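Contents: one structure, followed by commentary.
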Amino acid sequence: MIDEARRLAPRFAARAAAHDRDGTFPADDFADLRDAGFFGLMAPKRLGGAGAGFADYAAIAYELARGNGATALIFNMHASVTGALSGVTDELAEALGLPAEALRARDDYLRAAAAGAWYAVAMSERGVGSRLSQMSTRYRPVDGGYRIEGAKTFCSGAGNADAYLVAARSAEEPEKVSQFLVPAGEGLRVEPTWDALGMRATASHDLHVDVTVPAGALLGGVEGLALVVAQLAPHWMVASYAAVYVGVARASVDAAIEHVNERKLAHLPAIRARIGRADAAVAAAHLAVMEAARRVDEAPGDAATNRWVWRAKLLAGTTAAEVAASMLEAAGTSAMRRGHPLERLYRDARAGSLQPATSDVCADWLGVDALGGDPDAEGFAPRW
Ligand SMILES: Cc1cc2nc3c(=O)[nH]c(=O)nc-3n(C[C@H](O)[C@H](O)[C@H](O)COP(=O)(O)OP(=O)(O)OC[C@H]3O[C@@H](n4cnc5c(N)ncnc54)[C@H](O)[C@@H]3O)c2cc1C
């Protein structure tokens with residue numbers, strides 16, 4: 001599927017400027033992803049999927065992002081949902097005491113993904129970001145299921161997904177935060193609010209939720225699992241975007257090389273040095289991302305693995321922003337015109353450090369850890 005991702009990337013790149021200009025969801029890219037079987041990437045083979053691991057995902061996300069970072073970022077949300085669901089092995093389910101119906105629901109969602117359904121993430125809220133512990137969207141049990149009410153923001157691909165992972169707090173027991181897979185349709189309303197500096201084609205609009213879902217929509221089948229999952233599998237929450245932003249950084253270097261060659265500027269020492277530094281920085285960030293991903297597959301949840309996960313997100317976010325800025329400067333003012341790939345990549349790359357865990361939060365986590373503290377508990381604000 002890496003070859004497939006490489007085949008699709010130039011198609012995405014050719015469409016990227018128009019989607020960025022108009023802030024439109026890249027429906028044509030998603031049709032390509034569906035046709036090539038990418039929605040089943042993280043689903044196990046026994047359910048019709050490709051059975052990919054986290055390192056496979058990271059390698060593919062990097063390639064897709066070289067075509068269009070926004071497409072890769074929306075796809076990341078789907079990969080996070082399906083990857084986290086696939087990560088709930090029967091052994092883990094037993095350890096967490098999950099009911100058999102929850103495992104059947106897990107299989108149904110993954111089978112549907114392998115057949116072409118895709119899922120978005122509606123976790124973030126205005127004023128709260130993605131901090132699960134602060135969610136204001138509420139749910140309460142009703143006959144045969146749950147009623148969920150609230151408002152979400154920054155929902156990539158809103159209005160285009162087949163279902164949405166919605167995080168909500170129990171109205172009856174507020175310490176419990178749970179996640180639901182809510183099918184698209186009645187009870188969900190998209191408010192088109194996304195007109196952002198970068199990653200414009202993610203169409204990350206607001207989503208208003210006022211819906212009743214069946215009991216099987218509660219992921220895990222047990223209330224209050226959201227924070228447990230965030231700490232058990234931080235790679236999907238923290239570092240899955242990392243590969244996307246390293247792909248955006250690499251695309252910036254490629255675009256700068258093309259630009260300076262076309263304009264016959266490649267003999268200038270300052271430009272060569274900028275491209276040389278950028279190449280090395282992107283290669284280093286890529287190695288860190290792949291090292292984190294390898295460890296996630298081999299030793300998930302280990303202290304050393306988690307350290308690499310936070311390092312990877314920090315390095316990817318800062319490298320993307322710095323490299324894209326330097327490549328724009330190397331290319332000159334003509335690359336700043338609207339519609340030039342470097343102008344878009346500069347703005348898209350800027351979002352990397354802002355996406356949670358933000359670069360500042362990653363640095364804080366790593367600093368607390370390096371100084372011998374407990375980085376999950378001792379931050380200056382709740383991590384989740
Ligand atoms: C392109 C893009 C696509 C997105 N797509 C989705 C999506 O599909 N679904 C979804 O649910 N969300 C999505 N998000 C939202 C994202 O997950 C975050 O919720 C959002 O970016 C956080 O918003 P914020 O920066 O306004 O708030 P905050 O997280 O509150 O951050 C504000 C500031 O506070 C700092 N800060 C926050 N927490 C801490 C801490 N513990 N320690 C130290 N400093 C801290 C941050 O570094 C930052 O400087 C997307 C965001 C972007 C940029």
Query raised in the report: In the list Ala242, Ala280, Ala285, which residue meets the criterion of being surrounded by 24 or more Cβ atoms within 10 Å (Cβ to Cβ) and free of Cβ contacts under 8 Å to residues at least 60 places away in the same chain?
Result: Ala285
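Let's see how each residue does on (1) over 18 Å from the mean Cα position of the chain (by Cα); (2) outside the structural domain of Val211 (by TED's automatic domain parsing); (3) under 19 Å from Ala230 (Cβ atoms):
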residue	(1), (2), (3)
Glu91	yes, yes, no
Ala102	yes, yes, yes
Ala105	yes, yes, no
Asp108	yes, yes, no
Ser130	no, no, yes
Pro141	yes, no, no
Ala151	yes, no, no
Gly157	no, no, no
Leu188	yes, no, no
Requested in this report: Just give me the residues in the stretch 42-82 being surrounded by 24 or more Cβ atoms within 10 Å (Cβ to Cβ), out of contact with any Lys or Arg (no Cβ under 9 Å at 6 or more places or on another chain) and more than 16 Å from Ile2 (Cα to Cα), in sequence order.
Outcome: Leu73, Ile74, Met77, His78, Val81, Thr82
Query - the stretch 110-135, residues that are modelled with pLDDT under 95 and over 29 Å from Thr89 (Cβ atoms) - result: Gly127, Val128, Gly129, Gln134
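Taking the stretch 1-26 as the search range and keeping residues that are charged (D, E, K, R) and open to solvent by 20 Å² or more (accessible area, probe 1.4 Å), which one is farthest from Ala158 (Cα to Cα)? Give the steps one after another, and end with the answer.
Of the stretch 1-26, the ones charged (D, E, K, R) are 3-4, 6-7, 11, 15, 20-22.
Filter once more, so that each one left must be open to solvent by 20 Å² or more (accessible area, probe 1.4 Å): 3-4, 6-7, 11, 15, 21-22.
Working: Asp3: 28, Glu4: 26, Arg6: 26, Arg7: 26, Arg11: 23, Arg15: 20, Arg21: 18, Asp22: 15 Å.
The qualifying residue farthest from Ala158 (Cα to Cα) is Asp3.
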Query - Selection count where residues are touching a Phe, Trp or Tyr at 6+ places or on another chain (Cβ under 8 Å) and within 11 Å of the ligand (Cβ to nearest atom), scope the stretch 311-348 - result: 1
Report task. Could you please give the count of residues in the stretch 175-196 that are within 14 Å of the ligand (Cβ to nearest atom), of a type in the set (Ser, Thr, Tyr) and buried (at least 17 other Cβ atoms within 10 Å of the Cβ)? Result -> 0
Requested in this report: Select from the stretch 3-42 the residues that are within 22 Å of Leu345 (Cα to Cα) and aliphatic (A, V, I, L, M) and list them in ascending order.
Outcome: Ala5, Leu8, Ala9, Ala13, Ala14, Ala16, Ala17, Ala18, Ala27, Leu33
Report task. Output yes when any residue across the stretch 126-147 is free of Cβ contacts under 8 Å to residues at least 12 places away in the same chain, open to solvent by 60 Å² or more (accessible area, probe 1.4 Å), within 13 Å of the ligand (Cβ to nearest atom) and closer than 30 Å to Val361 by Cα, and no when none is. Result -> yes
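Residue check: is Tyr164 among the aromatic types (Phe, Trp, Tyr) and open to solvent by 10 Å² or more (accessible area, probe 1.4 Å)?
Details: among the aromatic types (Phe, Trp, Tyr): yes; open to solvent by 10 Å² or more (accessible area, probe 1.4 Å): no.
No, not satisfied.
The values are calculated or read from the model by the stated rules, or taken from the named source; none is laboratory data. Being a predicted model, the structure only gives us computed values, none of them experimental. With ideal geometry, Cβ positions are generated from the backbone for all residues, glycine too; neighbour counts draw on all protein chains shown. Heavy atoms of the whole protein, side chains included, go into the accessibility calculation; ligands, DNA and RNA do not. Shrake-Rupley method; radii C 1.70, N 1.55, O 1.52, S 1.80 Å.
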